[in-house]
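**Q** Structure in structure tokens, see below.
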Amino acid sequence: MTGELRPADDSSGHGPRPEFRASDRERDQVVEILQVAAGDGRLTAAELDERLDAALSARTTGDLARLTADLPSEGMPPQARDVVRIDHRFGDITRTDRWLVPRRMEIRLMFGEAKLDFTHAVITHHTLHIDVDLRIGGNLTLVTRPGIVVDMDDLERGSGDIKIRPASGPDTATLLRVQLTGRSRGGDIIARPPRRKLSEWLRRTTSSSGR
């Protein structure tokens with residue numbers, strides 16, 4: 001019959017390769033590639049939203065391939081670790097530059113500070129779960145960027161300050177949702193955007209005074 005599809009188990013090696021049904025894992029892999037591309041500035045927030053919707057609803061592997069056809073396949077980051085554990089006392093620890101954000105973190109601090117700077121972090125998934133146990137003098141700072149949302153609704157608080165400063169407006173597409181759970185029994189938690197450089201602060205001040 002004209003136009004009849006070639007059976008999927010045909011091993012003759014001739015004709016176009018059939019488009020197989022996409023699996024959940026294949027969809028997740030494409031989502032990771034799209035998020036990394038957006039983080040590198042290859043896709044705008046609107047393009048990312050559009051392609052993520054298409055990836056999550058894709059039916060075939062061909063549908064998925066078209067979403068990444070104009071993106072580089074080389075240099076993709078390794079798979080994010082499932083769990084990273086930080087158990088630290090008396091001192092500071094920092095994650096900065098292009099560090100690979102894991103899927104889950106377990107952070108235990110006392111008389112020290114952990115700083116997670118997401119400004120240039122490599123993000124390959126939608127959610128980061130952070131389970132904290134902050135004791136006296138154990139402080140956690142999250143340096144965010146547009147598209148990163150911090151959720152502390154399920155955090156048990158004994159003492160210490162909790163301050164969240166959004167890095168973007170409500171219309172910005174969510175790149176990563178950071179969900180904090182656990183308890184704070186004497187430590188501070190701060191989520192804030194990067195501090196402005198002196199030159200940026202002077203430029204803004206000059207611009208405001210000239211109005």
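**Q** Considering only segment 165-178, I want to know if a residue exists there that is in contact with a Lys or Arg (Cβ under 6 Å, 6 or more places away or on another chain), in a strand (DSSP E or B) and open to solvent by 30 Å² or more (accessible area, probe 1.4 Å). It would help to see each step written out before you state the result.
**A** The initial filter retains those residues of segment 165-178 that are in contact with a Lys or Arg (Cβ under 6 Å, 6 or more places away or on another chain), namely 165, 167.
From the residues that got through so far, the ones that are in a strand (DSSP E or B) too are none.
No: segment 165-178 contains no residue that is in contact with a Lys or Arg (Cβ under 6 Å, 6 or more places away or on another chain), in a strand (DSSP E or B) and open to solvent by 30 Å² or more (accessible area, probe 1.4 Å).
**Q** Cβ-Cβ distance below 6 Å, separation of 6 or more or different chains: which pairs start in segment 15-39 with a residue that is at pLDDT below 80 and end on one that is outside any helix (DSSP H, G or I) and open to solvent by 50 Å² or more (accessible area, probe 1.4 Å)?
**A** Gly15/Arg6; Pro18/Ala8
**Q** Okay, moving on. Is it true that some residue in segment 185-197 is at pLDDT below 85, farther than 25 Å from Ala46 by Cα, surrounded by fewer than 11 Cβ atoms within 10 Å (Cβ to Cβ) and out of contact with any strand residue (DSSP E or B) (no Cβ under 6 Å at 6 or more places or on another chain)?
**A** yes
**Q** Can you list residue pairs whose Cβ atoms sit under 7 Å apart, with the first residue in segment 59-73 being farther than 13 Å from Ala22 by Cα and the second being outside any helix (DSSP H, G or I)? Count only pairs 6 or more apart in sequence or on different chains.
**A** Leu71/Arg42
**Q** Going by the conditions given, is Gly138 under 20 Å from Arg85 (Cα atoms) and modelled with pLDDT under 90?
**A** no
The values are calculated or read from the model by the stated rules, or taken from the named source; none is laboratory data. If you're wondering where the values come from, they're calculated on a predicted model, not measured in any experiment. Cβ coordinates were reconstructed from backbone atoms using ideal geometry, including for glycine residues, and neighbour counts include every protein chain displayed. All accessible areas refer to the heavy atoms of the entire protein, side chains included, with ligands and DNA or RNA removed. Shrake-Rupley method; radii C 1.70, N 1.55, O 1.52, S 1.80 Å.
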